[in-house]
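The values are calculated or read from the model by the stated rules, or taken from the named source; none is laboratory data. Since the model is a prediction, treat every value here as computed from it, not as a measurement. Cβ sites come from the backbone with ideal geometry, for glycine too, and all protein chains shown count toward neighbours.
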Amino acid sequence: MEMGPATQGGPDHGAAHAGQPGRRRFLGACTGLGLASVTAAACDASTPTHEHSPAASSHRPEAERDRSGTPDWRITSRGPAPAVAGYADRVSVTPGEECGLYVSTTASSFRVSAFRVGWYGGTQARLVWSSKPVRGRAQPEPRFLPDTRTVRADWPRTLTFGTAGWPEGAYLLRLEADSGHQRYIPLIVRSAQGTGRTVLIHAPATWQAYNRWGGYSLYAGASGAYATRSLAVSFDRPYDADGAEKFMVYERAAVVLAERLGIPLAYTTGMDMHRDPEVLRGATAVVCLGHDEYWTPEQRRHVTQARDAGTNVVFLGANTCFRRVRIEQGRTQPDRTVVCYKSSVGADPFYTTKPALVTTDFRQAPAPDPESSLTGVLYEGYPTDAPYVVHAADHWLYEGTGVRPGDGFAHLVGVEYDRVTPAAPVPEPLEITAHSPLVCGGRRSHSDSAYYTAAGGAGVFATGTMRWVEALMAGTPDGGRDHGMDARTRAFVTRTTENALRAFAQGPAAHHRPAARPNTSELYKTRT
């Protein structure tokens, strides 16, 4: 929804809502539901440089956790926005595929370092490749497309590199200007096959929706007003802030944990799953990370089909699968534009011709299809800050945590939340495992964690709070947005996540874990 890290203490979330018509911070009504509620040698950057990486280890991703890491992978100085920034010509590559970078910098030269994110004995990343110095240049001003208020950099390519030998996984490409300033470019080296593996789904469509580089996002225009927001956003531009903020806050810690466990992993993105579901075939589990709001109907259909075939699903956040989007052509390549008209749905060119592809909330007309039929929970509102309250303390998900009914974990629920909503379509049997009282927009409600089992044997767990992945870093030097969450909360969330990932890696959860115990009617005797 309108939530991002900046809503938790930064400026952009407030701007996202400014002047937004028809949206309440507490979503009490749902249309259609009736709810009350590079050998890159020194060169002229105007001339593309072509590079193939040196041979690297081809270990499977799960074996990477045992390799030595590289402590110096974090950004130490961002500098001003023009200091250095860039973008890649694709959100993911297969191992060995080439990738182009488009870089603008006020420095005379820069380097690129590729860090693979993982456990690595606690170091959390490993250097896989680095370029030689590349001559820097300040790129032209971006292009503005007035019909959809889309910003595109459309820069000339700066360099090309190969990924031969790069292990599958999540990567941070760090641009390092000779001025000392740095920015990230995220890149996923995706898996072609996921049979027998847990598939981590990264969410670049959501990253891009919140990206304000060039002054426009799907939430606000240059003035900060919702009415002047983009109706389509392009991957042909850098990300704002450090270049990988959404990945760093909502995804990285879950990747590190999954790799530490040593379970077989596969990597993909929602963009890739939109066009090709092959990686889901035979997968033991699918993991949707901390903020995965923007889905195409194709992605949703493919994940649902995998669930129905016995693939377990974990939703480690809230507000998942809330917005229906289209992925369209960029300047020179397909799948480079995320389209979402939201409340301007009547202006969507597909409104009368292809209603199932109209870009608004999944639950809204003209083709309402609430996300709860997949997730088990329904997004309700923001902002809130509340304790996470355990209800079914004896559930297998909480084994080893030592919790008792009613135990709470301060600040774990926020800033957006989901709940089990009786009037919404919900799979059965479904069990609410945590039932957390809260206040949002002056109204009392609850956030729910929920577990259900599908007919094909799959288990599905939704945390119901967007802070879940952030809590994996609470009380550590990386927990800069931990909202007051402490080490006790980190230990609880870590163990619960481990329980889910280990169990789901064993195959359909209904075949080896206790069934869900329906309790919605008990907890929601009246609507709250």
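The table for this structure:
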item	result
Neighbours by Cβ (under 6 Å, 6+ apart or cross-chain): first from region 170-187, among the polar types (S, T, N, Q); second assigned to a strand (DSSP E or B)	Gln182/Arg174; Gln182/Glu176
Conditions (1) touching a strand residue (DSSP E or B) at 6+ places or on another chain (Cβ under 7 Å); (2) of a type outside the set (Asp, Glu); (3) part of a loop (DSSP other than H, G, I, E, B); number of the one not met by Val313	(3)
Any hit, region 482-495, residues being over 21 Å from the mean Cα position of the chain (by Cα), basic (Lys, Arg) and part of a loop (DSSP other than H, G, I, E, B)	no
Selection count where residues are of a type outside the set (Phe, Trp, Tyr) and either crowded, with 23+ Cβ neighbours inside 10 Å or at pLDDT below 95 (or both), scope region 105-120	6
Pro140 vs. criteria modelled with pLDDT of 95 or more, part of a loop (DSSP other than H, G, I, E, B), over 25 Å from the mean Cα position of the chain (by Cα) and not hydroxyl-bearing (Ser, Thr, Tyr)	yes
Which listed residue, of Ile188, Ile201, is at pLDDT 95 or above and in contact with a Phe, Trp or Tyr (Cβ under 6 Å, 6 or more places away or on another chain)	Ile188
Residue list for region 412-434, restricted to those being surrounded by fewer than 20 Cβ atoms within 10 Å (Cβ to Cβ) and of a type outside the set (A, V, I, L, M, F, W, C)	Pro422, Pro425, Pro427, Glu428, Pro429
Count of region 76-104 residues which are surrounded by fewer than 16 Cβ atoms within 10 Å (Cβ to Cβ) and either of a type in the set (Phe, Trp, Tyr) or under 30 Å from His274 (Cα atoms) (or both)	3
Strands (runs of 3 or more DSSP E) wholly inside region 229-310 containing at least 3 residues that are out of contact with any Phe, Trp or Tyr (no Cβ under 9 Å at 6 or more places or on another chain) and not β-branched (Val, Ile, Thr)	265-269
Flag for Tyr210 being surrounded by 18 or more Cβ atoms within 10 Å (Cβ to Cβ), under 19 Å from Gly243 (Cβ atoms) and out of contact with any strand residue (DSSP E or B) (no Cβ under 8 Å at 6 or more places or on another chain)	yes
Within region 56-75, considering residues that are modelled with pLDDT under 95 and aliphatic (A, V, I, L, M), the one surrounded by the fewest Cβ atoms within 10 Å (Cβ to Cβ)	Ala63
Any chance Arg495 is out of contact with any Cys (no Cβ under 8 Å at 6 or more places or on another chain), of a type in the set (Lys, Arg) and either at pLDDT 95 or above or crowded, with 19+ Cβ neighbours inside 10 Å (or both)	yes
Counted residues, region 84-133 - those being within 17 Å of Tyr239 (Cβ to Cβ) and assigned to a loop (DSSP other than H, G, I, E, B)	3
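Each row is one residue, and each column tells you yes or no for (1) over 21 Å from Cys321 (Cβ atoms); (2) acidic (Asp, Glu).
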site	(1), (2)
Val233	no, no
Glu245	yes, yes
Thr269	no, no
Gly282	yes, no
